[in-house]
Structure formats: C-alpha cells, structure tokens
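The values are calculated or read from the model by the stated rules, or taken from the named source; none is laboratory data. This structure is a prediction, so every number in the text was calculated from the model and none was measured. Every residue, glycine among them, receives a Cβ derived from its backbone with ideal geometry; neighbour counts consider all protein chains shown.
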Amino acid sequence: MIHLLAIVLSLVGFAALALAMKRHQREVIGRALTDKERHLTRSAGALAIAASLAVAMAAFGAGYGAVAWFGYMSVAAWIVVAALCWHARLKS
Amino acid sequence: MKDSLRQSMALLHTWAGLLFGWLLFAVFATGTAAYFESEITRWMQPEIVGSSDPLTAAEQAVDYLGQTAPDADSWIITLPNSRSATTQLFWSPSEEEGKTYSSAILAPDGKEVSARETSGGYFLYRFHFDLHYMPVIWARYLVGLAAMFMLVAILSGVITHKKIFADFFTLRFGKGQRSWLDAHNVTAVLALPFHLMITFTGLVTLATMYMPWGIAANYTAPQTFFESLFSSAPEVPRTGEKTPLAPVDAMMRQAAAHWDGAMPGSVTITNPGDSSASVTLKSSSEDAIGVRGEVLRFDGASGQLVQPAQAKGPALETESVMIGLHAGRFADWGLRWLYFISGLGGTIMVGSGLVMWTAKRRTRLPDPQRPHFGFRLVERLNIAAIAGLGAGIATYFLANRLLPLGMEQRADWEINSMFLAWSAIGLWGAIRPVRRAWVETLGITAALFLAIVPVDALTTSRGLLASLMAGDWAYVGFDIVMLLLAAGFGFAARKASGAKRSTSARKTYRTPERTPA
C-alpha cells in the first residue's frame, strides 16, 4: 500500500514536471503556461517527488526507502511517457 | 571543443555498446528474470505445494541428514523463506567420487523432493554471469568485460545525449530512426540510477576475481583471505565422542531474538553428532540490504552461544550492501516488481540501442539493396540476440512442461531445448529476407510465450484459472507475465511488419502534423 501511495506521489510529481515543459504544454493543454504557472507547476512537481521519498523512508527506513524511491521514479516517469504517447495518439 | 567531445563520446558509445551489446542483452534479460528466481523455480516444479516455516524445516533437515550423512564433516542447510518452500541441503564429503559435496532438496513435508528434474530459475540466474557450454571462469571474464563496456557506454551515453532534460518525456512513434532514439533515451534516462547501480555493483560481485592483485600482494593464497574474512567455524577434528546435537530450534529462537525477530536463513553444522559439533546460524538475505548477513555460532553439544555477531569492517560492509543492491534479495514483492520493471527497461535499452545501430545506417547505405557485410552481420545478430533469446526462454519453460517426466538428464535437456530454439531462430533470421525475418522470428517468439499458458493448464492442475481461484499468486503472476511478454513480442512483430511502409514514408518525415480535428 505504501508502495502504491509513493508511486502515485512520484507520478503526480513527474506529470507536473512534464506539464512545466513548453513542448508538453502545447500537446496537452494547447497553450503555453504563464511564467508564474510554470514555476508553480514545477515546484509542485519537485515537492511531490520529495514527498514520495519521505513517505518511503518513513515507512521502510532510509536505506530501503531510498532504493524503492528510485524504482518509484522510474516507473512513474515511464507512466507519464506512456500517457503522453497515448494522448498524442488519441489526438491524431 | 564541446562538440568534438560530444562527437568522440558518441563514437565511443556506439562501438562500446555494439561490441558487447548482444551479450549484454542476454545478461540483462536473464538477470532480470533472476529477480523472480524462486518464483520461476516454484512454477517449474508444480508438484511442490504448500509452504514451510524455517523452524520445522530445520528440524526436518537435521533428521534427514542424521539418517543420510551422519558422518559428514559438515551439513549446510538453506532454509525456506517467504518466497521459497523448499529446504536445500549440502553435505561434504560426498559419498560419490569426484564430487566434493552431495546435495538434496526437501519439500515442505520434510521428504526429499520427488518433483520433476529441473534447474528452474536457478539456471537463468547462473546463466547471467556463468553463461553455458563454456568454462565458468571464461564466462565470468567475458561478462565482466561486457559490464565494463556497459559502464563506459552509460557514461559516454550521458555525455552524448544532446537534450537529456528537453527530451526527458519524449517518445514519438512512427518516425523511424527518431523513434528508436526516443525509445533508447527514455528507457535509459528514466532508469539511469538503476542502470548505473546494476552495472557497477555487478562488477563488485566478482571484484576479487577481476582485480585479484590486492589479495595476491597480501596473502599467500586467495583461500587464506576468504577464510580470514568470512570466518566459518574453525576446522577441528572429531573427538570420536558421540554426542547428540542440541535442539537447533532453540538456537534459532535465540538468534531471532538477536535479529529483531527475524529467523536465520541458513544453518551450517560441522562435525554433527560429535562432542566437537558446532552450529553456525546466518541471518536471512531477506532481512537486510547487505547480502553478507550476520553470523552467530553455537556449541553443538550444549547449544550455548559461543561467538556473538561481529561487526564488519567498512570495506566489507560496503561490498555487502553493493552486492545486496544488485541481487535485490532483501526486496519485498513490491520492490521486487520495481526491480523487475527497471531490469526490463535496461533490456529494452540495450535492444533498442542495437537496433538503432542499423536504423541509423540504413538510410546512409551506398546501396540499400545490398548492404555491406558488417551491416548485414549486425542486422542478423540483432535478430538472433533479441528474438532468439526470447524464443529460447519461452522454449525453456515449455520444455519444462512437455519433456517426459522420467527422461534421463531431464534438467539438462530443458536447458538444451532453450539453446536449440535460440539457434533455430538465429538460423531462421539469418536466411530469410531481413524484414520478413524480424516479423517471423518476433511472431514465433510471441506465439511461444502465448503457448505457455494453455500448455501449463493442460499438463498440470495449476493452470491460470485454477491458480486464480486458489489465490496462488506466484503462479498467476508467472502466467500473466508470459501473456504480457507474448503481447510485447506480438506488438513488436506488428510494428516490424509495418516498418516497410515507414521506410518509404521517411522522406515525408518533416511534413507538418495533421491538425487535430
């Protein structure tokens, strides 16, 4: 369950980081975010990823939590990539 | 200056990656499978049901060994854990000539396993650094060399990558060479910490073999070094005074109290049945990241603790944790899946890199109809390595279900089947026109993986549906992974068959995207 929670946090984090990028903004929302929105999205993304580490470390201890965190990040980032791919396919 | 560095790194990346790419693909794929070594073994021995707890298993093992090998110098008992239901026994000296030890596996009921003969997941684990049909020592040097090239390829790859952050989430399909580059980047970058860790720690597992000079300079024989480091019970001659062994379960309980309730993973008993008997308990690899667990030694006759746990030096502790990180034995099922998925990512990274070598060069060939020898060689080896290994592993599992149960050297024939299928696919891929070869070999591999599920259901009583009903998750997981692999290879075959169109469409690569409706 902790794994799931931590992956969701990572997922939210990477999705926000992707949205903070101009290329993906155009793809997903069709317009560029303002500077302020972009900063906000990026900080929120970084925060969610940090929270994912915190959750893992609190639940499993520092060593185990850190190892798991790298796993969460890889899987979460791949899910974001897959979602962007899927979105691009739906649109075309 | 900056660009020339990038160019030279790109060159290094291309050739370091290519030279050992085929071997690395096999190492990555089988190593990834090895994260589920115990589960694969369980699947490959469907006769063994139920689970076992360490205390009962230890008692059964001592009973069994007391009858089978009462005069042995030592007994080594590897206890079952949360993932494996069997108890492995080794004892020395062996009754048989030419062998240094004998072994047996006990089922949860305490009797010797009467399941089909198979090497199970253990073979895939060993193959990922010992290969097969060749002396182990050569294989380990070869795999070590490949791992060093991998490390070079990873570092030079990071320098070569032009837009590591801009392209972080970018994967575009149907754009030929560009798509391969995207796939290679996405699988590499998003699990970069894993790839670096696994390659480096892989080298650490065999570091004393790859860099023996430190030991050679300080010890007369390497054996002295290992003995002083991993102190097993000192060898003492038997006194000849028969003394029954103190109850092992009491010692195990005492050890568990030392280790926050965690049961030992293995028990070594020297001079069993003698007054000089000694019992060494090692903590389970499931309970800490470090793979060289803690050791407690008891007097075999009295059951008293004689050697409390000793702290490791920082170097040994570091090595222990690094090997632990590589093997992932400490991982619970959630983390184990993350390891597995990251490993799959690494396998796809190596595979897509290999294919990219040809994709990049195909457009630049002087005569695309008749490519030069080197190009054809890489193209064919790619088919043999990628589709061939997939088909081989699928055949290994199928052979486990289909070979006659009483067959002579059955376990060896399962392994031979894997290499026969692998060679057959390699050969098929070499003689067919290259596009057809990809589609056909990937298609066959998909079909083989797909066949595993019905074959399992027909030959055992533990098919997918039955396992689902019984809540037997190791079996359900295995079958589902087989279906997913079939889907993956099937998808690749379909893409490969469509690739013909995209070669002609490549010129229109820059046409503006269709406006969304």
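Tally time: how many residues in the stretch B:273-332 are of a type in the set (G, A, S) and either away from chain A (no Cβ under 14 Å) or more than 28 Å from the chain's Cα centre (by Cα) (or both)? I'd like the intermediate steps shown before the answer.
The first filter runs over the stretch B:273-332 and keeps only residues of a type in the set (G, A, S), leaving B:273, B:275-278, B:283-285, B:288, B:290, B:293, B:300-303, B:309, B:311, B:313, B:315, B:320, B:324, B:327-328, B:331.
Remaining after also requiring either away from chain A (no Cβ under 14 Å) or more than 28 Å from the chain's Cα centre (by Cα) (or both): B:273, B:275-278, B:283-284, B:293, B:300-303, B:309, B:311, B:313, B:315.
Qualifying residue count, the stretch B:273-332: 16.
Only one residue in B:Q45, B:Q67 is free of Cβ contacts under 8 Å to residues at least 12 places away in the same chain and under 30 Å from B:T268 (Cα atoms), so which one is that? Working first, answer last.
Working: B:Q45 fails: free of Cβ contacts under 8 Å to residues at least 12 places away in the same chain.
That would be B:Q67, the only listed residue that is free of Cβ contacts under 8 Å to residues at least 12 places away in the same chain and under 30 Å from B:T268 (Cα atoms).
Of all residues in the stretch B:446-472, how many are hydroxyl-bearing (S, T, Y) and within 14 Å of B:A399 (Cα to Cα)? Talk me through it step by step, then tell me what you get.
Here is the first cut: in the stretch B:446-472, the residues hydroxyl-bearing (S, T, Y) are B:459-461, B:467.
Filter once more, keeping what is within 14 Å of B:A399 (Cα to Cα): B:459-460.
Residues that pass the stated criteria total 2.
Specify which of the listed residues (B:V291, B:V279) is among the hydrophobic types (A, V, I, L, M, F, W, C) and out of contact with any strand residue (DSSP E or B) (no Cβ under 9 Å at 6 or more places or on another chain). Before the answer, list the steps.
On the way: B:V279 fails: out of contact with any strand residue (DSSP E or B) (no Cβ under 9 Å at 6 or more places or on another chain).
Of B:V291, B:V279, the one residue that is among the hydrophobic types (A, V, I, L, M, F, W, C) and out of contact with any strand residue (DSSP E or B) (no Cβ under 9 Å at 6 or more places or on another chain) is B:V291.
Are any of the residues in the stretch B:210-225 outside the structural domain of B:S285 (by TED's automatic domain parsing), under 33 Å from the mean Cα position of the chain (by Cα) and touching a residue at least 60 places away in the same chain (Cβ under 8 Å)?
Looking through the stretch B:210-225, at least one residue is outside the structural domain of B:S285 (by TED's automatic domain parsing), under 33 Å from the mean Cα position of the chain (by Cα) and touching a residue at least 60 places away in the same chain (Cβ under 8 Å).
Only one of B:V248, B:V236, B:V267, B:V279 is touching a residue at least 24 places away in the same chain (Cβ under 8 Å) and in contact with a Gly (Cβ under 7 Å, 6 or more places away or on another chain); which?
Details: B:V248 fails: in contact with a Gly (Cβ under 7 Å, 6 or more places away or on another chain); B:V236 fails: in contact with a Gly (Cβ under 7 Å, 6 or more places away or on another chain); B:V267 fails: in contact with a Gly (Cβ under 7 Å, 6 or more places away or on another chain).
The conditions single out B:V279.
Mind checking whether some residue in the stretch B:440-448 is within 16 Å of B:R401 (Cβ to Cβ), crowded, with 18+ Cβ neighbours inside 10 Å, aliphatic (A, V, I, L, M) and within 22 Å of the chain's Cα centre (by Cα)?
From the stretch B:440-448, those within 16 Å of B:R401 (Cβ to Cβ) are B:447-448; that's our starting set.
Then drop every residue that is not crowded, with 18+ Cβ neighbours inside 10 Å, which leaves B:448.
With the extra rule that they be aliphatic (A, V, I, L, M), the set shrinks to B:448.
This time we only want the ones that are within 22 Å of the chain's Cα centre (by Cα), so: B:448.
Within the stretch B:440-448, one or more residues are within 16 Å of B:R401 (Cβ to Cβ), crowded, with 18+ Cβ neighbours inside 10 Å, aliphatic (A, V, I, L, M) and within 22 Å of the chain's Cα centre (by Cα).
Kindly indicate whether B:A411 is crowded, with 16+ Cβ neighbours inside 10 Å, in contact with a helix residue (DSSP H, G or I) (Cβ under 7 Å, 6 or more places away or on another chain) and in a helix (DSSP H, G or I). I'd like the intermediate steps shown before the answer.
On the way: crowded, with 16+ Cβ neighbours inside 10 Å: yes; in contact with a helix residue (DSSP H, G or I) (Cβ under 7 Å, 6 or more places away or on another chain): no; in a helix (DSSP H, G or I): yes.
For B:A411, the condition - crowded, with 16+ Cβ neighbours inside 10 Å, in contact with a helix residue (DSSP H, G or I) (Cβ under 7 Å, 6 or more places away or on another chain) and in a helix (DSSP H, G or I) - is not met.
Before we move on, is B:R364 basic (K, R), part of a loop (DSSP other than H, G, I, E, B) and either more than 13 Å from chain A (Cβ to nearest Cβ) or over 30 Å from B:I431 (Cα atoms) (or both)?
Details: basic (K, R): yes; part of a loop (DSSP other than H, G, I, E, B): yes; either more than 13 Å from chain A (Cβ to nearest Cβ) or over 30 Å from B:I431 (Cα atoms) (or both): yes.
Judged against the criteria, B:R364 is a match.
I'd like to check something: does the stretch B:463-474 contain any residue that is in contact (Cβ under 8 Å) with a residue 60 or more places away in the chain, among the polar types (S, T, N, Q), assigned to a helix (DSSP H, G or I) and within 27 Å of B:W333 (Cα to Cα)? Steps first, answer last, please.
Of the stretch B:463-474, the ones in contact (Cβ under 8 Å) with a residue 60 or more places away in the chain are B:474.
From what's left, among the polar types (S, T, N, Q): none.
No.
Only one of A:S10, A:S74, A:S52, A:S43 is within 13 Å of chain B (Cβ to nearest Cβ), over 22 Å from B:A183 (Cα atoms) and among the hydroxyl-bearing types (S, T, Y). Can you tell me which?
Values: A:S10 fails: over 22 Å from B:A183 (Cα atoms); A:S74 fails: over 22 Å from B:A183 (Cα atoms); A:S43 fails: within 13 Å of chain B (Cβ to nearest Cβ).
Only one candidate qualifies: A:S52.
Can you pull out every residue in the stretch B:1-48 that is more than 20 Å from B:T347 (Cβ to Cβ) and touching a His at 6+ places or on another chain (Cβ under 6 Å)?
Those that are more than 20 Å from B:T347 (Cβ to Cβ) and touching a His at 6+ places or on another chain (Cβ under 6 Å): none in the stretch B:1-48.
For the stretch B:202-223, give me each residue that is out of contact with any Gly (no Cβ under 8 Å at 6 or more places or on another chain) and of a type in the set (A, V, I, L, M).
B:V204, B:A207, B:M211, B:I215, B:A216, B:A217, B:A221
Could you give me the residue pairs with C-beta distances under 9 Å whose first residue belongs to the stretch B:412-430 and is in contact (Cβ under 8 Å) with a residue 60 or more places away in the chain, whose second residue is part of a helix (DSSP H, G or I) and of a type in the set (A, V, I, L, M) wherever it lies, and which are 6+ apart or on separate chains?
B:E414/B:M44; B:E414/B:A399; B:I415/B:A399
Could you give me the residue pairs with C-beta distances under 9 Å whose first residue belongs to the stretch B:71-91 and is closer than 13 Å to B:V113 by Cα, whose second residue is among the aromatic types (F, W, Y) wherever it lies, and which are 6+ apart or on separate chains?
From residues that are closer than 13 Å to B:V113 by Cα, the pairs are B:T87/B:Y64; B:L89/B:Y64; B:L89/B:W75.
Inside the stretch B:393-408, can you point out the residues that are of a type in the set (G, A, S) and buried (at least 17 other Cβ atoms within 10 Å of the Cβ)? Before you say what the answer is, go through the steps one by one.
Step one: of the stretch B:393-408, the residues of a type in the set (G, A, S) are B:394, B:399, B:406.
Selection gives B:A394, B:A399.
When only residues in the stretch A:77-87 that are in contact (Cβ under 8 Å) with a residue 12 or more places away in the chain and more than 7 Å from chain B (Cβ to nearest Cβ) count, which is nearest to B:G343 (Cα to Cα)? Step through it out loud before you land on a result.
Filtering the stretch A:77-87 for residues in contact (Cβ under 8 Å) with a residue 12 or more places away in the chain gives A:77, A:79-80, A:83-84, A:87.
If we keep only those that are more than 7 Å from chain B (Cβ to nearest Cβ) too, we end up with A:79, A:83, A:87.
On the way: A:I79: 16, A:A83: 21, A:H87: 26 Å.
Restricting to residues being in contact (Cβ under 8 Å) with a residue 12 or more places away in the chain and more than 7 Å from chain B (Cβ to nearest Cβ), the top hit is A:I79.
Any chance you could count how many residues in the stretch A:13-36 are of a type in the set (S, T, N, Q) and more than 13 Å from chain B (Cβ to nearest Cβ)? Can you show your working first?
At the first step, the residues of the stretch A:13-36 found to be of a type in the set (S, T, N, Q) are A:25, A:34.
Filter once more, keeping what is more than 13 Å from chain B (Cβ to nearest Cβ): A:34.
Residues flagged as of a type in the set (S, T, N, Q) and more than 13 Å from chain B (Cβ to nearest Cβ) within the stretch A:13-36 amount to 1.
Could you check, for the stretch B:487-500, whether at least one of its residues is away from chain A (no Cβ under 14 Å), surrounded by fewer than 12 Cβ atoms within 10 Å (Cβ to Cβ), modelled with pLDDT of 50 or more and farther than 26 Å from A:K91 by Cβ?
no
Just the residues that are closer than 23 Å to B:M44 by Cα and part of a strand (DSSP E or B), please, taken from the stretch B:58-99.
Those that are closer than 23 Å to B:M44 by Cα and part of a strand (DSSP E or B): B:I77, B:T78, B:T87, B:Q88, B:L89, B:F90.
Take the stretch B:477-486 and flag every residue that is over 14 Å from B:I40 (Cβ atoms) and either in contact with a helix residue (DSSP H, G or I) (Cβ under 7 Å, 6 or more places away or on another chain) or crowded, with 17+ Cβ neighbours inside 10 Å (or both).
Scanning the stretch B:477-486 gives B:L483, B:A486.
Please tell me if B:A146 is farther than 30 Å from B:Q310 by Cα, in contact (Cβ under 8 Å) with a residue 40 or more places away in the chain, within 12 Å of chain A (Cβ to nearest Cβ) and of a type in the set (G, A, S).
No, not satisfied.
Show the residue pairs meeting these rules: Cβ distance below 6 Å; 6+ apart or different chains; first residue within the stretch A:7-32 and of a type outside the set (F, W, Y); second residue not in a helix (DSSP H, G or I).
Taking only residues 6 or more apart or on different chains, the pairs are A:A18/B:F169; A:K22/A:A32; A:Q25/A:A32; A:Q25/A:L33.
Among (1) more than 30 Å from B:A288 (Cα to Cα); (2) surrounded by fewer than 18 Cβ atoms within 10 Å (Cβ to Cβ); (3) among the polar types (S, T, N, Q), there is one condition B:T318 misses while meeting the rest; what is its number?
(1)
Tell me, yes or no, whether the stretch B:228-249 has at least one residue that is more than 14 Å from every other protein chain (Cβ to nearest Cβ), modelled with pLDDT of 90 or more and part of a helix (DSSP H, G or I).
For the stretch B:228-249, residues more than 14 Å from every other protein chain (Cβ to nearest Cβ), modelled with pLDDT of 90 or more and part of a helix (DSSP H, G or I): present.
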